[in-house]
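Asker: Got a structure here, written out as structure tokens. Questions coming.
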Amino acid sequence: MKLWDKGYEVTAEIDRFTVGRDREMDMYLAEADVLGSMAHITMLESIGLLEKEELQALLAELRNILSEIREGRFVIEDDIEDVHSQVELLLTRRLGDMGKKIHSGRSRNDQVLVDLKLFIRKQLRLVAEDVKALFTELQRQSERYKDILMPGYTHLQVAMPSSFGLWLGAYAESLVDDLVMLQAAYRITNRNPLGSAAGYGSSFPLNRTMTTELLGFDALDYNVVYAQMGRGKTERNVSFALAGIAGTVSKLAFDACLFNSQNFGFIKLPKECTTGSSIMPHKKNPDVFELTRAKCNKLQALPGQVTLIMNNLPSGYFRDLQIIKEVFLPAFQELRECLQMATYIISRLEVNEHILDDPRYDLIFSVEEVNRLAAEGMPFRDAYRKVGLDIEAGRFTPRKEVHHTHEGSIGNLCTEQIAALFRGVWEGFNFQKAEKAEEALSNTQTLQNSQTPSNSPQTPSNSPLKGEDPGEGSAKEASPLRRGLVGSALKSLLILVSLLLFSCKEGEVTNKYFNQPARLTVENVQQSPVLFTACESMGEFCTCTNDGRRLLFTNAAGKTDPINISASGSYSGFIMGLSSGFIIGKLTIPEMGEDFVRVVCYDRACSNCYLNYNITKPLVLTPGGYAKCHSCQRTYNLNDTGNVSDGAGGRPLFRYRVNYIGYALVINNG
């Protein structure tokens, strides 16, 4: 079966060549294909291309197919071209011609695009979880062995004192940067291409916002031509993120193999992770880490492979892109296995606590001696020369103590600060939104009662798609689209009425990381309906009641809203600020925990660029105010739009970040 069948057949040889390994590769995408079809047909019903009963029947059968996929019973038959054709064939066999309706307003081009994005999104979450497990183990072992010294090397020559804590902690921090790249790949991936069809849209009044929300995407790939241009580009960007993680793990594997060898003897790998020799009975070869190194090096070639396949293609779809799947789709599992093996080995690693008893490592303490003499008053260059001459003359006797206290050194690993960096990146993924959307699609309840987004395009009353007589409106059930619009309008009206009743002046921020709440005062609050529209957009979780005259903002799990309360409960921006970023009135926070408010300086001339600094307390934010970077002492002005700049225009050089606010913001009338 071919979806493009026009009554003639191609030869078996051509079919084998053009289909290639697509049946095999499409098994990776089967679950995503069904989820994408569920969202698509739910949208089709809302615009009148499916009847309500048809939608219910199709959704029920798609869920049956989804169960077959998850249980390993789904197959793509030999004469079926791809997973899209197989799913449509199963629906048609079981439901008749109804099954042929699911492709309206859709091309295989945007169908495979959404399949790929849903598959990639899930796989990136699984990779991130494996990165988190390895990161946690590296940090645990780093703290465990932080006081055990080992030689540090440059040019593969002994250089200066290091420690096992420093060595293991370095790889933990490397994974933080890798996770930043992975998050960027996730954000690029997590945009909806469905509805772009073959790359030029459709004459059907598709509701792309609806499918975006049903599938849990952050946003649309808006331009339909660009949506198709994303094929290949998405895989390339994701490949670079995977390659970054692979690079870190490969380097760790190389270190471990080297340090495990008899000539080094720094560490001992778990014996179950080594193999023997068929001729040398003493051998314990580090095969697991050697294979990890090779697999990770292979993964680092992936961006180049993807680039060379799609590099010279103009805009639009081309069959070349099919070949990317063969090198790209299996890469996630390969990397995950490497991460899991590395985590297992690191958790069982044993270290040699007496390495530096060997006199061959005495010279690593030469710099410590130079620094000691300099600290006692001898000019550094003279101290350097004296120690060098002592070494050449054989008079150097090391003092095997180190006193490193600065951030990131042997005596101050900054383990918790690195963990905080990791947590900050992790929270930025917001995996919960996608998981909840997919769970809602795949559960046993119909999507028929799902509310259509309030900004959805409305089907005209005279649309031939519904065939309704305007005079029969009261006798017929309203479409889900219209029910959603009416419901949204009613909620907005109620909220606006609430706005006119109350004038919120003072409030409290519940801080889930500190026992004491942080008090804040808001003066001269503008009674802006936009503020309450922001509240309404968060869904049923937002209330404004007479009792106690309070307005309660509560995080809508997984929702993105104009006041930027994330799924983890953190808040970035200005409290009471709107999506446009301006300040309403004056905000004062007199009581804050030490980490409650921080400053980020973007001044590239600042020696500690991109680091966080506490703001002087109490903090007052008001148009015309200013703040100062605690590192470079540069002063920034707070302008009327709520941004902070140096007055030269362009993007802000500085921003406030309010960390660790809890799930509720309660504003009382005093």
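The values are calculated or read from the model by the stated rules, or taken from the named source; none is laboratory data. The model shown is predicted, which means the values in this text are computed figures rather than measured ones. Note: ideal-geometry Cβ built from the backbone for every residue, glycine included; neighbour counts use all protein chains shown. Ligands, DNA and RNA are excluded from the accessible area calculation, which covers all protein heavy atoms including side chains. Shrake-Rupley method; radii C 1.70, N 1.55, O 1.52, S 1.80 Å.
Asker: Please report, in debye to the nearest 20, how large the charge dipole of the range 257-400 is about its Cα centre when each Lys and Arg carries +1 at its beta carbon and each Asp and Glu carries -1 there. Mind showing how you got there, number by number?
Answerer: Details: 19 positive and 18 negative charges, 44 e Å.
Value, rounded to 20: 220 debye.
Asker: Placing unit charges on C-beta atoms (Lys and Arg positive, Asp and Glu negative, everything else neutral), compute the dipole magnitude of the range 177-251 about its Cα centre in debye, rounded to 20.
Answerer: 180 debye
Asker: Tally Lys and Arg at +1 and Asp and Glu at -1 over the other residues with C-beta under 13 Å from the C-beta of S67: what net charge comes out?
Answerer: -1
Asker: Given the peptides 294-303, 394-403, 248-257, arrange them by the average over their residues of other C-beta atoms within 10 Å, most packed first.
Answerer: On the way: 294-303: 18.4, 394-403: 11.8, 248-257: 21.6.
Per-residue Cβ counts within 10 Å, averaged per peptide and sorted highest first, yield 248-257, 294-303, 394-403.
Asker: Still on this structure: Using modelled backbone amide H atoms (1.01 Å from N, in-plane), which distant-in-sequence or interchain residues come within less than 5 Å of G316's amide H?
Answerer: M229
Asker: Can you list the residues, at least 5 places off or on another chain, whose amide H is less than 5 Å from the amide H of G152, using H built in the peptide plane?
Answerer: Here the answer is A159, M160, S162, since their amide H atoms fall under 5 Å of that of G152.
Asker: 5 Å is the cut-off here: which amide hydrogens, built 1.01 Å from N in the peptide plane, fall below it relative to N192, excluding neighbours closer than 5 in sequence?
Answerer: The list, which skips near neighbours in sequence, is A219, L220, D221.
Asker: A 26 angstrom limit on the alpha carbon distance is what I want to check against. Which of K146/K400; K251/K284; K117/K251 exceed it?
Answerer: Violating the 26 Å Cα-Cα cut-off are K117/K251.
Asker: What's the magnitude of the charge dipole for the range 28-130 around its Cα centre, counting Lys and Arg as +1 and Asp and Glu as -1 at the beta-carbon? Answer in Debye, nearest 20. Each step should come with its number before you reach the end.
Answerer: Details: 14 positive and 20 negative charges, 67 e Å.
Computed about the Cα centre, the dipole is about 320 debye.
Asker: Right, here's the next one. Taking the range 11-76, which GluC sites (Glu not before Pro) meet the DSSP loop condition and have no more than 11 other C-beta atoms within 10 Å?
Answerer: Passing sites in the range 11-76 are E71.
Asker: How much of the accessible area of the range 343-401, in percent, comes from carbon and sulfur atoms when a 1.4 Å probe is used?
Answerer: The value for the range 343-401 is 49 percent carbon and sulfur by accessible area.
Asker: Which pairs break 21 Å Cα to Cα here: K325/K436; K122/K233; K132/K325; K101/K325?
Answerer: Values: K325/K436 27 Å; K122/K233 18 Å; K132/K325 27 Å; K101/K325 28 Å.
Flagged as over cut-off: K325/K436; K132/K325; K101/K325.
Asker: State the percentage of accessible surface on the range 107-254 attributable to carbon and sulfur atoms; use a 1.4 Å probe and exclude ligands, DNA and RNA. Intermediate values should be presented prior to the final figure.
Answerer: Values: 2930 of 5190 Å².
The C+S portion of the solvent-accessible surface of the range 107-254 is 56 percent.
Asker: If you count only protein heavy atoms with a 1.4 Å probe, what accessible area per residue comes out for the range 61-213, rounded to a whole Å²?
Answerer: It amounts to 39 Å² per residue over the range 61-213.
Asker: What trypsin sites (Lys or Arg not before Pro) does the range 7-37 have in DSSP loop regions with at most 14 other beta carbons within 10 Å?
Answerer: Hits after loop and neighbour filter: R21.
Asker: Highest mean first, what order results for 220-231, 113-124, 269-280 on Cβ atoms within 10 Å?
Answerer: Descending mean neighbour count gives 113-124, 220-231, 269-280.
Asker: May I ask you to work out the translational diffusion coefficient for the range 170-329 at 20 °C, viscosity 1.002 mPa s, via Stokes-Einstein with Rh from the Kirkwood sum over Cα pairs, reported in whole µm²/s?
Answerer: In µm²/s, the coefficient is 114.
Asker: In nm, what is the difference between 0.36 nm times the number of residues separating E427 and E290 and their Cα-Cα distance? Let's see the in-between values first.
Answerer: Values: separation 137, 0.36 × 137 = 49.32 nm, distance 3.33 nm.
Length gained between E427 and E290: 46.0 nm.
Asker: Additional query: Order of 323-335, 377-389 by packing, highest average Cβ count within 10 Å first?
Answerer: So the peptides 323-335, 377-389, ranked by packing, come out 323-335, 377-389.
Asker: With a point put 7 Å past each Cα toward its Cβ, work out how far K386 is from E334 in nm, to one decimal.
Answerer: In this crude spin-label approximation the distance works out to 5.7 nm.
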